[in-house]
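Structure first, commentary second.
The values are calculated or read from the model by the stated rules, or taken from the named source; none is laboratory data. Please read all numbers here as calculations on a predicted model, not as lab measurements. Counting neighbours? That spans all protein chains shown, and the Cβs are built from the backbone with ideal geometry, glycine included.
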Amino acid sequence: MDAVDRRILDQLQSDATLSNAELAERVGSSAASCWRRVRALEAAGVLGPAVRLLNAVAIDRKVNVFCNIRVRSHAREVRAPFEAFVRERREIIECYSMSGDWDYLLRVVASDVEDYERFLMRVLLEHPAVGGASSHFALSLTKYTTALPV
């Protein structure tokens with residue numbers, strides 16, 4: 001990956017709707033070369049699908065909860081169904097397997113505290129793999145970005 005590839009990545013992280021001609025102009029490349037580079041970055045798995053980011057407040061998902069999860073067992077037959085469950089739940093928008101005292105960290109979005117409580121009590125804590133949970137409510141958003149440093 002060279003400097004032009006990095007400029008392409010930086011531009012596409014900011015605006016994935018750029019036309020190939022606009023992108024080429026911004027990164028100082030010809031349109032044909034830029035198109036080939038983008039295709040190569042896609043083929044290499046560096047560039048994933050282009051998506052549009054939603055305004056969570058505008059769609060009534062204004063509550064962000066970071067939920068630590070402890071599983072009952074670290075056996076594969078316990079973890080695999082839990083991870084499949086997490087992938088299926090749309091209100092869980094991020095999940096990390098963690099080191100330390102807790103096994104997983106989930107980021108859950110909800111419309112309000114009652115909405116999160118329903119999810120926690122009736123869905124998450126009912127899962128047979130879950131041995132415990134600790135919820136932390138975000139009070140405000142200081143920084144949010146999807147852009148990685150390139």
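Working carefully through the options Arg61, Arg52, find the one that is free of Cβ contacts under 8 Å to residues at least 60 places away in the same chain, exposed (fewer than 13 other Cβ atoms within 10 Å of the Cβ) and of a type in the set (Lys, Arg).
Exactly one of Arg61, Arg52 is free of Cβ contacts under 8 Å to residues at least 60 places away in the same chain, exposed (fewer than 13 other Cβ atoms within 10 Å of the Cβ) and of a type in the set (Lys, Arg), namely Arg52.
Scan the range 109-127 and give yes if some residue there is touching a residue at least 40 places away in the same chain (Cβ under 8 Å) and within 16 Å of the chain's Cα centre (by Cα), otherwise no.
Checked against the condition, which is being touching a residue at least 40 places away in the same chain (Cβ under 8 Å) and within 16 Å of the chain's Cα centre (by Cα), the range 109-127 yields at least one hit.
Does the range 70-105 hold any residues that are in a strand (DSSP E or B), among the charged types (D, E, K, R) and without any contact (Cβ under 8 Å) to a residue 40 or more places away in the chain, and which are they?
Within the range 70-105, Glu94 is the sole residue that qualifies.
So which residues in the range 111-127 are within 19 Å of Arg87 (Cβ to Cβ) and surrounded by 13 or more Cβ atoms within 10 Å (Cβ to Cβ)?
If the condition is that a residue be within 19 Å of Arg87 (Cβ to Cβ) and surrounded by 13 or more Cβ atoms within 10 Å (Cβ to Cβ), then Phe119, Leu120, Val123, Leu124, Leu125, His127 are the ones that fit.
All but one of (1) small (Gly, Ala, Ser); (2) touching a Gly at 6+ places or on another chain (Cβ under 9 Å); (3) exposed (fewer than 10 other Cβ atoms within 10 Å of the Cβ) hold for Ser73; state the number of the condition that does not hold.
For Ser73, the exception is condition (3).
Let's see how each residue does on (1) surrounded by 13 or more Cβ atoms within 10 Å (Cβ to Cβ); (2) of a type outside the set (Asp, Glu); (3) out of contact with any Lys or Arg (no Cβ under 7 Å at 6 or more places or on another chain):
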| site | (1), (2), (3) |
| --- | --- |
| Phe82 | yes, yes, yes |
| Glu94 | no, no, no |
| Ser97 | no, yes, yes |
| Gly100 | no, yes, yes |
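Just to be sure I understand, how many residues within the range 83-102 are over 18 Å from the mean Cα position of the chain (by Cα) and at negative phi?
Qualifying residue count for the region: 3.
Has the range 131-143 got any residue that is among the polar types (S, T, N, Q) and free of Cβ contacts under 8 Å to residues at least 24 places away in the same chain?
yes
Is it true that some residue in the range 30-46 is modelled with pLDDT of 95 or more, of a type in the set (A, V, I, L, M), loosely packed, with under 12 Cβ neighbours inside 10 Å and not in a helix (DSSP H, G or I)?
Yes, the range 30-46 contains a residue that is modelled with pLDDT of 95 or more, of a type in the set (A, V, I, L, M), loosely packed, with under 12 Cβ neighbours inside 10 Å and not in a helix (DSSP H, G or I).
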